[in-house]
1. Just give me the residues in the range B:73-98 being farther than 8 Å from B:Gly52 by Cβ and either of a type in the set (Phe, Trp, Tyr) or under 32 Å from the mean Cα position of the chain (by Cα) (or both), in sequence order.
2. Only one of these is in contact (Cβ under 8 Å) with a residue 40 or more places away in the chain, in a helix (DSSP H, G or I) and under 26 Å from B:Gly87 (Cβ atoms): B:Phe17, B:Phe34, B:Phe65. Name it.
3. Answer yes or no as to whether A:Asn174 is touching a residue at least 12 places away in the same chain (Cβ under 8 Å) and buried (at least 21 other Cβ atoms within 10 Å of the Cβ).
4. Scan the range B:283-319 for residues that are without any contact (Cβ under 8 Å) to a residue 12 or more places away in the chain, assigned to a helix (DSSP H, G or I) and under 29 Å from B:Ser248 (Cα atoms) and jot them down.
5. Please verify whether B:Val63 is modelled with pLDDT of 80 or more and either closer than 17 Å to B:Leu136 by Cα or not assigned by TED's automatic domain parsing to the domain that holds B:Leu136 (or both), treating the condition exactly as stated.
6. Taking B:Arg11 as meeting all but one of (1) free of Cβ contacts under 8 Å to residues at least 60 places away in the same chain; (2) within 13 Å of another protein chain (Cβ to nearest Cβ); (3) over 25 Å from B:Gly171 (Cα atoms), write down the number of the exception.
7. Failed condition for A:Ile41, given (1) under 21 Å from A:Asp210 (Cα atoms); (2) among the hydrophobic types (A, V, I, L, M, F, W, C); (3) within 16 Å of the chain's Cα centre (by Cα); (4) within 14 Å of another protein chain (Cβ to nearest Cβ), with all others met?
Amino acid sequence: MAIIEVENLTKKYPLPDNKSESFFAVDGISLSIEAGEIYGILGPNGAGKTTTLEMLEGLTDIDGGTATIDGIDVNNEPYKVKEIIGVQLQANEYFDSLSLLELLTLFGALYSREIDADDLLGKVNLLDKAKAKPANLSGGQKQRFSIACALVNNPKVLFLDEPTTGLDPQAKRNLWDLVIDLNNAGMTIVLTTHNMEEAETLCQRIAIMDHGKIIAEDTPQNLILQHAAEPPKAPLHGNIEDVFLTLTGHGLRD
Amino acid sequence: MPTKLQIHLARVFLKIFLRDRQSIFFSLFFPIIFMTVFAFVNSGQQNAINIGIVNNSSSDTSVEFVQLLIDDPLFSVTIGEEERLRGELVEGDQTMVLVLPDSFSAQSDGTELRLLVDAAQVRQLDLIMPVLQQTLISIEREFRNIEPMFVLAMEDVQARSQRYLDFLLPGLMAFTLMQLAIAGSGFNIVEFRRKGILKRLFVTPIQPRDFISAIVMARMAIVLIQLTVLIAFAVFMLDVRIIGNFASFYLMIILGTFIFLCLGFCLGSIAKTQQAVMAVGNIIIFPQIFLSGVFYPIESMPELIQPIARVLPLSFISTAMREIANNGASLMSIAPTLLGIAVWFVISFVLATRLFVWKEVAN
């Protein structure tokens, strides 16, 4: 059963160097994301990935088409949608002077919920940082904390915008495990990424965007079968990341 | 009535503001330094006029005359040769030099006393001359045993002396609350936006009115705490007097803070970057420092500027606070000023609600 239905979604922006002309940041895309799947949106910078997510999250006005999440129209009832989604944005700064515990309690209050902050911090492996300030977290810890904040309302759909960009391989693998755990518990997850391995490992289905359009959509296996170039005659075993991880170990460095 | 969420949020913002020790320190530090400096500068007596006397007469009368001048607290007398005193006059050590001729005696009529002055140095000569004339007349009366025809009995209807510091305090408090309020809403919003915090808040179900009321409540609490500390310091340490009703005084503080918080929200909505908010903020703040009668009365400004100066929001606030603090004015007696405050209250509130579009401010 589809939990997110997108029909002909369009976003126009004025051209940066000629304000009277406009271009389509998102050009009439249609999506159907199943409940309980991890859905990945791939594409080069400027392809329209973040704009698509921001329209679904209510951050950006929808210029054309419709989007519903769990049957609720995003454009007509944004506040109902906000109640059932969790969002992790690319920028993940918070009020500097509040501790993680205080921030989570604050986010709980924004949803008018009493939350078990310790439980949430435990879920993202940050229990020992409860009293720390966000500025003192490493990149991976910050991303995990962002996800904890996105989980305070126990959302049906979790949006992750480039969750592993800038993380070291250990932190990245750790975050993948977290995403898989959440998905196993039944959460639908929509993520954007530039990391092909991430898309291949995590996502049950992938959409590839370019110039505001979806140019391919399928399971990773089918996409490889249909579009991948012929493999080289004598393939190398593994890749540099395997080498890196074998040499430096899987232990988290945070 | 504030909702549970608004109160929770207000407490969070209060916590955030209170943990910003540096800005709290500086917002208290400068007004305290300022008031302290003025308290000491103005605490001294009026400076005595330095007067040099050249006595060319040998009569008893002249000695007596000089003694009377020495006894007068208005003058600080130096007796000496004309040559030397002329030099001191040119140097600026003497304000004037009085030369008594050798014919100086009680019997003579119309004795000419020569007064040497350096007109270029003594700008307040017009003020000093009548004082000197008056002194000469009273000395003359004493010599000739004439009772003055008229005696001026001065009666202070204010029944108290006002120091500059008493005048300054309400204006300085109005100015401080403007600074704190504009920074508290405008500058903070731009900072929150720059960090992407507003965007993050936007994707939660928080309503913009919850966000704004929470900031208003938290900032109001901070302003009231800080001003109370400053006023307590002024009253208890510097002996500044507040004559009027404290409740009215604080009502003006609350209204003023609200107006400037609203203007701050307008500022934060228009200016998208930290640099822009500083620039636009200074456009709002700077003219008001000089034009709103904070440090000196609006009446002392050029006639042309006065009408503009009077309608600035800070003018109304500082005038109201000063009338209450210095003259013990009742709210009824400052009704026109209160009307001005009410008008600004409505203008700033309407502007803020129009300009603060949650989605645009957050993005």
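The values are calculated or read from the model by the stated rules, or taken from the named source; none is laboratory data. Note that the structure is predicted; figures quoted are calculated from it, not measured. Cβ sites come from the backbone with ideal geometry, for glycine too, and all protein chains shown count toward neighbours.
1. B:Pro73, B:Leu74, B:Phe75, B:Ser76, B:Gly92, B:Asp93, B:Thr95
2. Working: B:Phe17 fails: under 26 Å from B:Gly87 (Cβ atoms); B:Phe34 fails: under 26 Å from B:Gly87 (Cβ atoms).
Only one candidate passes the filter, namely B:Phe65.
3. Working: touching a residue at least 12 places away in the same chain (Cβ under 8 Å): yes; buried (at least 21 other Cβ atoms within 10 Å of the Cβ): yes.
In short, yes.
4. Result: B:Phe286, B:Phe290, B:Glu299, B:Ser300, B:Gln306, B:Pro307.
5. Spelling it out, B:Val63 is indeed modelled with pLDDT of 80 or more and either closer than 17 Å to B:Leu136 by Cα or not assigned by TED's automatic domain parsing to the domain that holds B:Leu136 (or both).
6. For B:Arg11, the exception is condition (1).
7. Here A:Ile41 clears every test but (4).
Per-residue answers, yes or no, for (1) within 29 Å of B:Thr353 (Cβ to Cβ); (2) touching a Ser or Thr at 6+ places or on another chain (Cβ under 8 Å); (3) among the β-branched types (Val, Ile, Thr); (4) loosely packed, with under 15 Cβ neighbours inside 10 Å:
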site	(1), (2), (3), (4)
B:Ser269	yes, no, no, no
B:Ala279	yes, no, no, yes
B:Asn282	yes, no, no, yes
B:Phe286	yes, no, no, yes
B:Phe290	no, no, no, yes
B:Val294	yes, yes, yes, no
B:Glu299	no, no, no, yes
B:Ser318	yes, yes, no, no
B:Glu323	no, yes, no, no
